[in-house]
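K.L.:
Sharing a structure with you now.
Every number here is computed from the coordinates shown, using simple stated rules; none is lab data. Just so it is clear, the structure is predicted and the values come from calculations on it, not from any experiment. For neighbour counting, all protein chains shown are included, and Cβ atoms are generated from backbone atoms with ideal geometry for every residue, glycine included.
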């Protein structure tokens, strides 16, 4: 797997992100989605990556992920998504490991995320728990809404 920074507005990536956004809206109560749109994923405080099955021009898009800096010592994971053709291949774990390493390299002391609750989000919870994340309360600008689930990882 090859992970590189990418432009989320490219057509192939945009399609994966639109699938991600549609799934979040279909499995969340109205007003409970906190994903970043394409423009927000291009902001200076966000780094966006893709996972591909190689580094050549014909390499298939396997997934994506992003990290937003919410404080000088705190990053937030955003837009983690595995392409449907590549589920159960370790794409999410590879991306998450890359994001955690990058957060450490940047000197962050913690990295957090917001996701949904309920069965649809179970695999995501399991992935984050396997990588040492713990449940926590709302952080940053989030407000407890009874649906969102917050997790954090202290980096040392």
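K.L.:
Using a Förster distance of 25 angstrom, determine the FRET efficiency expected from the C-beta separation of residue 34 and residue 156, and round it to 0.05.
P.N.:
With R0 = 25 Å, the Cβ-Cβ based efficiency is 0.35.
K.L.:
For segment 2-67, what ratio Rg/Rh do Cα atoms give with a Kirkwood hydrodynamic radius?
P.N.:
1.00
K.L.:
Ranked highest first by average number of other Cβ atoms within 10 Å, how do 15-27, 65-77 line up? Walk me through the intermediate numbers first.
P.N.:
Working: 15-27: 15.0, 65-77: 19.8.
Put in order of decreasing packing, that is 65-77, 15-27.
K.L.:
Between residue 85 and residue 2, what length comes free when the chain is fully extended (0.36 nm per residue of separation minus the Cα-Cα distance, one decimal in nm)?
P.N.:
Answer, rounded to one decimal: 28.2 nm.
K.L.:
In whole Å, what are the Cα extents of the chain along the three principal axes, biggest one first?
P.N.:
In descending order, the Cα extents are 43, 36, 29 Å.
K.L.:
Compute and list, largest first, the equivalent-ellipsoid semi-axes of segment 78-155 from the alpha carbon gyration tensor, each √(5λ) rounded to a whole angstrom. Show your work: numbers first, answer last.
P.N.:
On the way: eigenvalues 77, 68, 19 Å².
The three semi-axes for segment 78-155 are 20, 18, 10 Å.
K.L.:
How high is the FRET efficiency from residue 117 to residue 43, r the C-beta distance, R0 25 Å, rounded to 0.05? Present the calculation step by step, with values, prior to reporting the outcome.
P.N.:
Values: r = 27 Å, r/R0 = 1.08.
After rounding, the FRET efficiency stands at 0.40.
K.L.:
Give me the distance in nm between label points sitting 7 Å out from Cα along the Cα-to-Cβ direction at residue 55 and residue 15, one decimal.
P.N.:
Those two pseudo-labels are separated by 2.5 nm.
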